[in-house]
Amino acid sequence: MQLTYLVLAHQNPQQLSSLLDLLLDGEARAVVHVDAKVDAEPFLDVVRAHAPAARATTRRHPVRWGGFGVVAATLTALREAVQEAPADHYVLLSGSDLPVRPASELRAELASGHVRMNSWLMPDEARGKPMSRLEQWHYAPRNRHSRVAHRVNRLLGRLPARKLTALEGAVPHAGSQWWTMPHPCAKDVLDFVDTHPRLVRFFRHVQVPDEMFFQTVVDALPHRYELRPNLTFTRWTSADRLSPDTLSAADLPAATAAGAFFARKFDVTRDPAVLDHVRPLLVPRG
């Protein structure tokens, strides 16, 4: 099975290098999107060092927390992968992720052809997915802690609710940003995006669209793909749930016990030993 990893990178090029070392096993490929807000050269040096298995997207987008940039970056990486590095399955990752199980087991898991994506019908207040995320206009600032941006979004929240008719009949769904999808689904997603520009424009002004856009699109596809839970372990303990916990080597047993194939997020500058703990996990058993 041919795998192409879609990697969204925005910091720590050395960690990206370590991630590609672990992912590119001689059969897999990677398409890397580098956030347009950062200096690309250190990241491009890493990608060039892993060529031809790795390539960078020709188009870059500025990625802001809670904004559409991350969706645009993902779509660009997916489109260029389908065109230039087609695979049986596409796996979306962050540059701060690490694999925690062997690639051979991942290929066996994905052989069923299912989409691995968490997706819940909105609204889902218990999971923090209220309809207000769609119905209120949202401005994504460069600095998410900006007081000015906070005031702007409070004012936008007083505007009349946005009409969901722009979704053109699609039913709002939400879930985790991270997913995998087989080639037919990837092509259907890109075709849907190309033929529904009004829906795409609508998502440009919602809060945290990366946790709703692909779920809503996949649910709206004419072909009904069976979804199974995603394969990335993430831990949230902060009260505001604005960012997942930064994991360490001590968290790897929990990730593997959960049946995950990837875990996020890590910072190897703070915990460089984590790589020494990850490598043995990637050796096929038996």
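Brief remarks follow.
- Remark: the chain carries a charge dipole of roughly 1120 debye about the Cα centre, counting +1 on each Lys and Arg Cβ and -1 on each Asp and Glu Cβ.
- In sequence order, segment 72-81 has phi-based couplings of 4, 5, 5, 4, 4, 4, 5, 4, 5, 5 Hz under the Karplus curve 6.51 cos²θ - 1.76 cosθ + 1.60, θ = phi - 60°, and Gly or Pro positions carry x.
- The chain - mean residue ellipticity at 222 nm from DSSP helices (-39,500 (n - 2.57) per run, n ≥ 4, rounded to 500): -9500 deg cm²/dmol
- Each Lys or Arg adds one and each Asp or Glu subtracts one; over the other residues with Cβ under 12 Å from the Cβ of H223, this totals -2.
- Charge tally in the Cβ shell below 14 Å around R59, where Lys, Arg are +1 and Asp, Glu are -1, R59 excluded: 0
- The alpha-carbon atoms of the chain define a convex hull whose volume equals 132 cubic angstrom per residue.
- For the chain, the longest principal axis of the C-alpha atoms and the axis of helix 147-156 are separated by about 50°.
- Cβ-based net charge around L20, under 13 Å, with every Lys or Arg adding one and every Asp or Glu removing one: -1
- Long-range HN-HN contacts of V115 with modeled amide H, under 5 Å: E226, R228
- Amide H to amide H distances under 5 Å link Q136 with R162, where only residues 5 or more positions off or on other chains count and H is placed in the peptide plane.
- GNM top mover of A263, A255, A51 - the chain, alpha-carbon springs below 10 Å: A51
- Relative to the dominant Cα principal axis of the chain, helix 13-23 is inclined by about 70°.
Each reported figure results from applying straightforward, stated rules to the coordinates on display, with no laboratory input. Note that this is a predicted model, so its numbers are computed, not measured. Heads up, the Cβs are rebuilt from the backbone with ideal geometry, glycines too, and the neighbour counts pull from every protein chain shown.
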